[in-house]
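Asker: Take this structure first; my questions come after.
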Amino acid sequence: MNKSALRLMQVDLANLAQHLSAKGIEVWVEDSTAQHANLPEYKSLSLEDIGKTADLAIVMGGDGTMLSVARSLIEADVPLVGVNRGRFGFLTDLRAEDMLAEIDRILDGNFIREPRMLLSTQVIRQNQVVHGSYALNDVVIKSGLRLIELEVEIDGKFVYKQRSDGLILSTPTGTTAYALSAGGPILHPNLEAISLVPICPHTLSNRPIAVNSTSKIEITLVQFNEAQLSMDGQSQLVLEIGDKIIVQRAEKNIFLLHPSDYCYFDMLRNKLNWG
């Protein structure tokens, strides 16, 4: 983020904090945000402590910020409101210039509460769980150098052996992210589904598929020179041949609060420049 954008965000954060405080609402600022925003008059807490005590989390930034906060607060059941200070804003749908009025509407009860599913991922290596994490957008297995060979099973049934640059496993939320760039379908967030999107498959008949969100997906790494696993493009793990990645729906959802006139299709049309 350049200095001009950072300064605008600092001003927005200060205006928002002052606005909420004037309404008698106790305001807490996340620790690292407080360091950059210069808001010494407000108490700063870790995300973990905010999750334990807050009734609402307002996230200012881009979709990446929302993804990170959502994963951190998955156990807290704190609803999230996103103020867009990024580029696309598929998840952070309030415009900064409208945020005070829109947040007032939400605080007055004029909002849509929307659940969003997450993916739970485990990596099994030599019969031991070596990694576990969550993703709101996607879980990506990707080769760093050449084609990667993997086997996919769904609910214990063999699906295919694939050679490609990798595989994207996406929630409906994540189908407008990396999966969309790789040719995957857009799934409405209300769908109970997981999409599997090959990245540049060696065999062109390997196409994206969608399965029920109750499915248990197992991917075994057969052959590659170099590969890694990433969650939401943020958390990463180096993989080894023979690793088994188990992906399934997480037990908990996160909840986004939208203005009462929010429409998913309006958002798509605006963000993707549809006619």
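The values are calculated or read from the model by the stated rules, or taken from the named source; none is laboratory data. Note that the coordinates shown come from a computational prediction; the quantities given were computed from them, not determined experimentally. Virtual Cβ from ideal backbone geometry, glycine too; neighbours counted across all protein chains shown. Please note that ligands, DNA and RNA were not included when accessible areas were found on the heavy atoms of the full protein model with its side chains. Shrake-Rupley method; radii C 1.70, N 1.55, O 1.52, S 1.80 Å.
Asker: Give me a count of the residues in segment 144-191 that are crowded, with 23+ Cβ neighbours inside 10 Å and over 16 Å from VAL211 (Cα atoms).
Answerer: 5
Asker: When you scan segment 140-157, do you find a residue that is part of a loop (DSSP other than H, G, I, E, B) and under 30 Å from HIS19 (Cα atoms), even just one?
Answerer: no
Asker: Could you please find all residues in segment 256-269 being open to solvent by 40 Å² or more (accessible area, probe 1.4 Å) and farther than 13 Å from LEU94 by Cα? Step through it out loud before you land on a result.
Answerer: Of all residues in segment 256-269, those open to solvent by 40 Å² or more (accessible area, probe 1.4 Å) come to 260-263, 265-266, 269.
Correct list: PHE265, ASP266, ARG269.
Asker: Please pick out the residue among ARG85, ARG95, ARG71, ARG105 that is under 30 Å from PHE265 (Cα atoms), in contact with a helix residue (DSSP H, G or I) (Cβ under 6 Å, 6 or more places away or on another chain), open to solvent by 40 Å² or more (accessible area, probe 1.4 Å) and basic (Lys, Arg).
Answerer: Numbers: ARG95 fails: in contact with a helix residue (DSSP H, G or I) (Cβ under 6 Å, 6 or more places away or on another chain); ARG71 fails: in contact with a helix residue (DSSP H, G or I) (Cβ under 6 Å, 6 or more places away or on another chain); ARG105 fails: in contact with a helix residue (DSSP H, G or I) (Cβ under 6 Å, 6 or more places away or on another chain).
Answer to the selection: ARG85.
Asker: May I pose another question? Checking the structure you have, find out if any residue of segment 196-210 is under 19 Å from the mean Cα position of the chain (by Cα) and open to solvent by 50 Å² or more (accessible area, probe 1.4 Å).
Answerer: The answer is yes, given that some residue of segment 196-210 is under 19 Å from the mean Cα position of the chain (by Cα) and open to solvent by 50 Å² or more (accessible area, probe 1.4 Å).
Asker: Can you give me the number of residues within segment 15-51 that are loosely packed, with under 15 Cβ neighbours inside 10 Å, outside any loop (DSSP other than H, G, I, E, B) and of a type in the set (Gly, Ala, Ser)?
Answerer: 3
Asker: Okay, moving on. Please enumerate the residues belonging to segment 58-68 that are in contact with a helix residue (DSSP H, G or I) (Cβ under 8 Å, 6 or more places away or on another chain) and either open to solvent by 20 Å² or more (accessible area, probe 1.4 Å) or farther than 15 Å from GLU114 by Cβ (or both).
Answerer: ILE58, MET60, GLY61
Asker: Just to be sure, is GLU114 touching a residue at least 40 places away in the same chain (Cβ under 8 Å), under 19 Å from LEU73 (Cβ atoms) and surrounded by fewer than 21 Cβ atoms within 10 Å (Cβ to Cβ)? Lay out the reasoning, then the answer.
Answerer: Numbers: touching a residue at least 40 places away in the same chain (Cβ under 8 Å): yes; under 19 Å from LEU73 (Cβ atoms): yes; surrounded by fewer than 21 Cβ atoms within 10 Å (Cβ to Cβ): yes.
When the stated conditions are applied, GLU114 passes them.
Asker: Among the numbered criteria (1) touching a residue at least 60 places away in the same chain (Cβ under 8 Å); (2) of a type in the set (D, E, K, R); (3) in a strand (DSSP E or B), which one does ARG163 miss?
Answerer: The one condition ARG163 does not meet is (1).
Asker: Here's a follow-up. Just checking, how many residues over segment 219-275 are assigned to a loop (DSSP other than H, G, I, E, B), farther than 30 Å from GLN126 by Cβ and within 21 Å of the chain's Cα centre (by Cα)? Spell out how you get there, then give the answer.
Answerer: Narrowing segment 219-275 to residues assigned to a loop (DSSP other than H, G, I, E, B): 224-226, 232-234, 239-243, 250-253, 260-263, 272-275.
Keeping just the survivors that are farther than 30 Å from GLN126 by Cβ gives 253, 260-263, 272-275.
Filter once more, keeping what is within 21 Å of the chain's Cα centre (by Cα): 253, 262-263, 272.
Count: 4.
Asker: If you don't mind, another one. Of the conditions (1) modelled with pLDDT under 95; (2) within 22 Å of ARG87 (Cα to Cα), GLY144 fails just one. Which one is it?
Answerer: (2) is the only condition that GLY144 fails.
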